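Here the structure is laid out as structure tokens; the discussion comes afterwards.
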Amino acid sequence: MDSNIVFSPSSIYVVLSLIAAGSNGPTLDQMLSFLRSKGNGQLNSFASEIIILVLTDGSQSGGPRLCFVNGVWVDKSFPLKPSFKQIVDNVYKAESMEVDFETKADEVNSWAEKETNGLIKEVLPPGSVEWLTRLIFANALYFKGTWNEKFDSWKTTNYSFYLLDGSSVPALFMTSEKKQYVEAYDGFKVLRLPYNKGEDNRCFSMYLFLPNTKDGLPALVEKVGSELGFLDRYLPSEAVQVGVFRIPRFEISFEFESSKVLKYLGLVLPFLSGGFTKMVDSPRASELSVSKNIPEVLY
């Protein structure tokens, strides 16, 4: 592991569910198996619940500002089928637009920048829209919350932040003397930082996992990724008094090609031609395939 990693499982799940809604045959069967679902009805229902119950903006009721937006851009030569467009509009609350990719590819990035208050300026890097591109699925997630217990800005100061290679760099750290939701486990500690709740009473928190040793991060990441239910088992629920308490201020920008990961995990048929005839109204629908997906997430 030679870089930071940030991604949104909910975003990836919703996009894959939407693609599955327009799939058929062996491609659909493989996607349902991959997403552990019995059918499109179950997928659509669960994705709709995530969008409505979890990813709905709470700023008007005093909670976090949360914006989760979906978009489907289709070339004018491949119009969406009415049945699929209805699912796009009503179930996934996604915008669907017919465009000329040769002249309007930058609309996707403009849309992401507008819908995320300027935080995400580019979801499609240069060169990602090719002359063969006929359909783009994109989503963007914007979250801004206020801590239940704010950190005093005047207490923020420089300390050493240790890197994976053993060296250290100066970094700004926030600190507090108040009780914290923190618990120590075998080899690591977990901190929970709750956000203010709104009138809808939804609870959002940030969890920080810290290995006890300076070189313990790779082993901890391996545990998180290999032990089923690991994250759910190690969540502190009680605020306790702490001694020296510091958290670095940080910002993460991360880009990856998710198609490589999905293929490695066994989802290969969507990346081959065919399987999307339920999606577009064109005699060339059988030529469609997923080429790649390169989401960028800023935190």
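The values are calculated or read from the model by the stated rules, or taken from the named source; none is laboratory data. The structure displayed is predicted, hence computed values, not measured ones. Cβ placement follows ideal geometry from the backbone for every residue including glycine, while neighbour counts extend to all protein chains displayed.
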Is there a residue being in the same structural domain as Met174 (by TED's automatic domain parsing), within 27 Å of Ile50 (Cα to Cα) and modelled with pLDDT of 85 or more anywhere in the range 212-221? yes
Selected residue [among the hydrophobic types (A, V, I, L, M, F, W, C), touching a helix residue (DSSP H, G or I) at 6+ places or on another chain (Cβ under 9 Å) and closer than 30 Å to Gly63 by Cβ] from Val224, Val242: Val224
Hey, Asn201 hits all of (1) within 27 Å of Leu163 (Cα to Cα); (2) without any contact (Cβ under 8 Å) to a residue 60 or more places away in the chain but one; which does it fall short on? (1)
Output the residue which, of all residues in the range 185-208 that are under 22 Å from Val242 (Cα atoms) and of a type in the set (Gly, Ala, Ser), is surrounded by the fewest Cβ atoms within 10 Å (Cβ to Cβ). Gly187
Can you name the condition, by its number, that Ser282 falls short on among (1) in a loop (DSSP other than H, G, I, E, B); (2) farther than 21 Å from Gln180 by Cβ; (3) without any contact (Cβ under 8 Å) to a residue 12 or more places away in the chain? (3)
Please state which one of Gly266, Gly225, Gly229, Gly243 is loosely packed, with under 14 Cβ neighbours inside 10 Å, without any contact (Cβ under 8 Å) to a residue 24 or more places away in the chain and on the phi > 0 side of the Ramachandran plot. Gly229
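Conditions tested, residue by residue: (1) at pLDDT 80 or above; (2) in a strand (DSSP E or B); (3) surrounded by fewer than 17 Cβ atoms within 10 Å (Cβ to Cβ); (4) not assigned by TED's automatic domain parsing to the domain that holds Ser77.
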| position | (1), (2), (3), (4) |
| --- | --- |
| Pro126 | no, no, yes, no |
| Val129 | no, no, no, no |
| Leu141 | no, yes, no, no |
| Leu164 | yes, no, yes, yes |
| Pro170 | yes, yes, yes, yes |
| Glu183 | yes, yes, yes, yes |
So which helices (runs of 4 or more DSSP H) are wholly in the range 1-80 and hold at least 1 residues that are at pLDDT below 85? 9-21
